[in-house]
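The values are calculated or read from the model by the stated rules, or taken from the named source; none is laboratory data. Source: prediction; values computed, not measured. So basically every Cβ, Gly included, is an ideal-geometry build from the backbone, and we count neighbours across all protein chains shown. Just the protein is used for accessible areas: all its heavy atoms, side chains included, with ligands, DNA and RNA removed. Shrake-Rupley method; radii C 1.70, N 1.55, O 1.52, S 1.80 Å.
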Amino acid sequence: MTARPPVIEAWHRVVETRDRDLLRSLVADDCVFRSPAVHAPQEGKPLTLAYLSAALVVLGPTLTYHRELFGADSAVLEFTATLDGLVHSRQ
């Protein structure tokens, strides 16, 4: 098993603690947020932090990670979350 990259370890700490300062430190100023739940890419740190913060509030308590794939410059974290009694899966 490959060890988690430090940034993924930090992400899991964000999910566990909901530490907004740690989240802010993980997001680049020029990032682009893409999600199947949002139809157009959202550019910039403020929008990305808004979406991720909202997701942590809504989904955070029920997030369960199942699989993590790491590359040189990317990662995929597969999870399920329960919202209104329904289980949702995402990557």
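Overview of results
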read-out	value
In order through the stretch 54-61: 3J(HN,Hα) via Karplus (6.51 cos²θ - 1.76 cosθ + 1.60), integer Hz, x for Gly, Pro	5, 4, 5, 5, 7, 9, x, x
Chymotrypsin sites (Phe, Trp or Tyr not before Pro) restricted to the chain and DSSP loop, no more than 12 other C-beta within 10 Å	none
Hz values of 3J(HN,Hα) by residue in the stretch 67-79 - Karplus curve (6.51, -1.76, 1.60), Gly and Pro given as x	8, 9, 10, 10, x, 4, 10, 7, 8, 10, 10, 8, 9
Compactness relative to 2.2 N^0.38 Å, alpha carbon Rg of the chain	1.08
Accessible area per residue, Å², the chain with all protein chains present, probe 1.4 Å	70
Check: the chain dipole with +1 on Lys, Arg Cβ and -1 on Asp, Glu Cβ, in debye	120
Carbon plus sulfur fraction of accessible area for the chain, probe 1.4 Å, in percent	55
